[in-house]
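Worksheet: the structure to be examined is printed underneath.
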Amino acid sequence: MSLNIYLEKVQPTTIYEANITHNLGRMAREAGIYEALWRPEEIGITKAEQLIEPLTKGLALLKSDPARFEAFNSPNGWGMYNHFVPFVEKYLEACRECPDATVRASR
């Protein structure tokens, strides 16, 4: 017989990280996903699984009418539809892969 003892500590580990300009805020708002992306804590989102539904709906809306959303493109080129759609797609994919991950947004 033997004795095994352990001291263990669980530390947060980032499993997905992305950055996008605030210039896309109006486009996100038009797609209904501004709060989910920029202010998840204000609408009670704490886990990635809670983002799956709103991001899925928002992404579908974005893709359904590109011209509507391209109208929100930033004149200076920092904040474009063609950058935002892949950003949302990748974030949604990460949420599906790790639904129990804690969500944190830094503005």
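Pairs, please: C-beta under 8 Å, at least 6 apart or cross-chain, first residue without any contact (Cβ under 8 Å) to a residue 60 or more places away in the chain and assigned to a loop (DSSP other than H, G, I, E, B) and in segment 89-107, second surrounded by 12 or more Cβ atoms within 10 Å (Cβ to Cβ) and hydrophobic (A, V, I, L, M, F, W, C)?
P99/A48; P99/I52; D100/A48
Hey, any hits in segment 63-72 for a residue that's of a type in the set (D, E), part of a loop (DSSP other than H, G, I, E, B) and without any contact (Cβ under 8 Å) to a residue 60 or more places away in the chain?
yes
Which of (1) assigned to a helix (DSSP H, G or I); (2) among the aromatic types (F, W, Y); (3) under 25 Å from R104 (Cβ atoms) does W78 not meet, given it meets every other one?
(1)
So is L24 modelled with pLDDT of 95 or more and within 11 Å of the chain's Cα centre (by Cα) or not? Don't jump to the end; show me each part of the working.
Numbers: modelled with pLDDT of 95 or more: yes; within 11 Å of the chain's Cα centre (by Cα): no.
Judged against the criteria, L24 is not a match.
The values are calculated or read from the model by the stated rules, or taken from the named source; none is laboratory data. Since this is a predicted model, take the numbers as computed values, not measurements. Ideal geometry is used to build each Cβ from the backbone, glycine not excepted, and the neighbour counts take in all protein chains shown.
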